[in-house]
Amino acid sequence: MSTTDMSMGKIIFYEEKNFQGRSHECMSDCADMSSYLSRSQSCRVESGCFMVYDRNNYMGNQFFMRRGEYSDYMSMMGMRESIKSCRMIPMHRGQFRMKIYEKENFGGQSHEMMEDCDNIMERYHMNECQSCNVMDGHWLMYEQAQFRGKMMYMRPGEYRNFREMGMSGQRFMSMRRITDMC
């Protein structure tokens, strides 16, 4: 039996570094921050976990943020752009299951995962992952082994083609469950 708790999560964005200037508080998804702040250069995650994006509508580069203070997240995380949208990650309790596929449209070699995998090439002898089906839980997929490089947030659902999701030329080599670590 798995459950998802949607009640947790609070992040406060500030226009200036070091929590200065105007602020905006989010307790759910926000597709366009520009109507609240002209820019955001620092934030404080008071509870829960969030994915933040450098483009509106949950597009562009993604960054995972857990509880803590980010006084100058642009230099801390190597971001070139201000945060433009954010998505609260619901806390999942129960099992985690995801099936990864070597090719688009669930083709080629496949493996079902229930645990983190720091290197799909070593563990499954897969050169890349181009599609997946997330059955249970929320996951982060990374472009490099050892949970490094660009990441993508995956919630339950079918992902037939990463290229069509704006991830052209990107391959994923490691995957991590988002647990109650937030």
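The values are calculated or read from the model by the stated rules, or taken from the named source; none is laboratory data. Not measured: the values here are computed from a predicted model. With ideal geometry, Cβ positions are generated from the backbone for all residues, glycine too; neighbour counts draw on all protein chains shown. The accessibility values were calculated without ligands, DNA or RNA, using every heavy atom of the protein model including side chains. Shrake-Rupley method; radii C 1.70, N 1.55, O 1.52, S 1.80 Å.
General remarks:
- Ignoring lysines fewer than eight residues from Lys17 along the same chain, the ones with Cα atoms less than 17 angstrom from its Cα are Lys84.
- Aspartates and glutamates with Cα under 17 Å of Lys10, excluding same-chain neighbours fewer than 8 positions away: Glu25, Asp29, Asp32, Glu46, Glu69, Asp180
- When each of the peptides 130-139, 61-70 is scored by the mean number of other C-beta atoms lying within 10 Å of its residues, the order from highest to lowest reads 130-139, 61-70.
- Region 10-89: C-alpha gyration tensor shape, a/c 1.5 cut-off, then a/b vs b/c: rounded
- Within the same chain, aspartates and glutamates fewer than 8 places from Lys103 are excluded, and of the rest, those with a Cα less than 19 Å from its Cα are Glu112, Glu122, Glu128, Glu143, Glu158, Glu164.
- The chain pair-distance distribution - Cα-Cα, 10 Å bins, rounded %: 10, 37, 34, 17, 3, 0
- Accessible carbon and sulfur surface of region 10-89 relative to its total accessible area, %, 1.4 Å: 40 percent
- Length-normalised contact order for region 65-182 - Cα pairs under 8 Å, 6+ apart - percent: 26 percent
- Computed with a 1.4 Å probe over protein heavy atoms only, the accessible surface of the chain comes to 50 Å² per residue.
- Gyration tensor (alpha-carbon) shape descriptor, region 97-177, a/c threshold 1.5: rounded
- Accessible area of region 97-177 belonging to carbon and sulfur atoms, whole % at 1.4 Å probe: 38 percent
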